[in-house]
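Each remark here refers to the structure printed beneath this line.
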Amino acid sequence: MGVVKTEWKPVTADFSKGALDASVRRLADFLDVNRREGTLDYPFRSSYPHNCCESVSLILLFLIEERYGVSNAQLIMGTSAEPYEHHFWVAVGDWRYDLTAHQFEGQEQIVGVDDAPLHRRFGDQEIDRRRDRVDRDQVIALYRSGAIPF
């Protein structure tokens, strides 16, 4: 059964770093519980925070755009040469949000910082415009129904 679309008007809220950081922390708590409960299915959900940085970053990006109407949020793909690997996070202006940073030893989730040492490890960075890894309509429907707190 498909998701039923309903009329929705975004919450009008003052967009501030504090408000965004609080929303991101609520999402982080949800993702930890969702790993077991599976309210939202996405690639590598059950191994969160490992191996799902692209999916989780897309979920975050979709929610930022929906809730705050932000047009400058970007999915960033960083690449390291040694070992060769990729990592994804979200940038909103100068602020960085990385809800899977804690998959790396000694790291914590990154919420609203302008410089993250972990991201320097993935120094070859580019904006990734792909949006097909996660079903945006499903994420937004679950957010609008209250199932995903943000």
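The values are calculated or read from the model by the stated rules, or taken from the named source; none is laboratory data. From a predicted model like this one, the values you see are computed outputs, not experimental measurements. Cβ placement follows ideal geometry from the backbone for every residue including glycine, while neighbour counts extend to all protein chains displayed. Just so you know, the surface numbers come from the protein's heavy atoms only, side chains and all, with ligands and any DNA or RNA stripped out. Shrake-Rupley method; radii C 1.70, N 1.55, O 1.52, S 1.80 Å.
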| When you look at S57, is it at negative phi, small (G, A, S) and in contact with a helix residue (DSSP H, G or I) (Cβ under 9 Å, 6 or more places away or on another chain), yes or no? | no
| task | Check whether at least one residue in the range 110-127 is touching a residue at least 40 places away in the same chain (Cβ under 8 Å) and under 11 Å from the mean Cα position of the chain (by Cα), and report yes or no. | result | yes
| said: With the structure loaded, tell me whether G112 is on the phi > 0 side of the Ramachandran plot, open to solvent by less than 80 Å² (accessible area, probe 1.4 Å) and either part of a helix (DSSP H, G or I) or in contact with a Lys or Arg (Cβ under 9 Å, 6 or more places away or on another chain) (or both) or whether it fails that test. | reply: yes
| note | Within the range 25-41, residues farther than 21 Å from I110 by Cα and either among the small types (G, A, S) or open to solvent by less than 10 Å² (accessible area, probe 1.4 Å) (or both) come out as G38, L40
| query | What is the residue count in the range 78-100 for residues that are among the hydrophobic types (A, V, I, L, M, F, W, C), open to solvent by less than 40 Å² (accessible area, probe 1.4 Å) and out of contact with any Pro (no Cβ under 8 Å at 6 or more places or on another chain)? | reply | 5
| query | Mind checking which residues of the range 121-148 are surrounded by fewer than 15 Cβ atoms within 10 Å (Cβ to Cβ), assigned to a loop (DSSP other than H, G, I, E, B) and not basic (K, R)? | reply | G123, D132, S145, G146, A147
| How many residues are in contact (Cβ under 8 Å) with a residue 24 or more places away in the chain, of a type outside the set (S, T, Y) and not in a strand (DSSP E or B) if we restrict to the range 88-100? | 1
